[in-house]
1. Shape call for region 142-268 from the C-alpha gyration tensor, a ≥ b ≥ c root eigenvalues: rounded (a/c under 1.5), prolate (a/b greater than b/c) or oblate?
2. Could you work out the helix-only [θ] at 222 nm for the chain, with each DSSP H run of four or more residues adding -39,500 (n - 2.57) and the total divided by the number of residues, to the nearest 500 deg cm²/dmol?
3. When the scattering of the chain is computed by the Debye formula from its Cα atoms alone, each counted once and equally, what is log10 I(q)/I(0) at q = 0.08, 0.09, 0.14 Å⁻¹?
4. Any chance you could run the full-extension gain for residue 165 through residue 256? It's 0.36 nm times the residue separation minus the Cα-Cα distance, nm to one decimal.
5. Quick check: from the Cα gyration tensor, does region 62-172 come out rounded (a/c under 1.5), prolate or oblate?
6. So for the pair residue 189, residue 47, with labels modelled 7 Å out along Cα→Cβ, what separation do we get in nm?
7. Output the antiparallel fraction of DSSP beta bridges having both residues in the chain, as a percent to the nearest 5.
8. What number comes out for the charge environment of residue 157, summing +1 per Lys or Arg and -1 per Asp or Glu over other residues with Cβ under 15 Å away?
Amino acid sequence: MFGMKEVCECPICGKEYDTNPGTCSCGFEGLVFLPCYTTDAVREKYEGKRKEMTFRIYKFAKQVYYGEKPYESSSLVTYERENRIDVDEALERRGLAVVDPARQQKNGLPTVAVEGLLAMRSNVRALILNTDEAEYSVLDESGVEILLLGAHFKRFCDGGLLQYRALRYLWVDGKNRHFMADDNVLFSKDRTKLHLYARSRPGEEYRVPPCVKILEPYSFFMPHFLKKLYLPKGIRIAQNALTIHNAYTKNDNGELVKVQPDFEVVYY
């Protein structure tokens, strides 16, 4: 039947195989056959394989980060400003983008990943970000599901990060002095701020730890599975932390009101 063809394609380099070699020539391990150009109903039957593949991409990205797998950094477009260096685009055709602009640094200026870093590059599934900073819309128009923050990453320029495509895995180098990740939730190192909850993180309920004092912008932006969120009393909630970004609707009186989250919020 048309659309039912199975292919064994490497999600990193894109190479196709008629038979499954297990490990691609690029070093990615755990290739699986998946259908292409088919219906949503058929794709659901392969959901387990798709999840397995996503986890293996995450594992591969960590191996690349630690130098266990040879992998060249992505080609970058950068611009030197008065007080920083903008990393404007990662010219990447592979499934993993390694954005490490250290060689482009001049005069000790901080490097900033700006909006459109991976614009229209839907093939990139994982991103290793080794800049000093990143703008909230750095993932705009990308297909990134896995985000790894390097040891020297310091801040999101607007406090948080907007997930255009749902992230599944969040990871931070343990040597990072500013951030840490716990079960695919991103916190400040002292755990007083919650920056990001991966939208595709499994689980219908989540309890924000009582040590968290602030929910940063976009921290709970449209989670796929979350139905109930427990927040400690007195926590400060930044604008757009729990709702759709700048989305409004009209009430019965014709007044514009901000769209509310789809999940229940309970204070404890």
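1. prolate
2. Helices in the chain give a 222 nm mean residue ellipticity of -3000 deg cm²/dmol.
3. -0.36, -0.46, -1.04
4. Taking residue 165 through residue 256 to full extension adds about 30.1 nm, to one decimal.
5. Judged from the Cα gyration tensor, region 62-172 comes out rounded (a/c under 1.5).
6. Taking the simple label geometry, residue 189 and residue 47 are separated by 4.0 nm.
7. 40 percent
8. Neighbour charge sum, excluding residue 157 itself: -4.
None of the figures in this text is laboratory data; all of them are computed from the coordinates on show. Treat the numbers as computed from the prediction; the structure is a model and nothing was measured. Quick reminder, even Gly has a Cβ in these numbers, built from the backbone with ideal geometry, and neighbours come from all protein chains shown.
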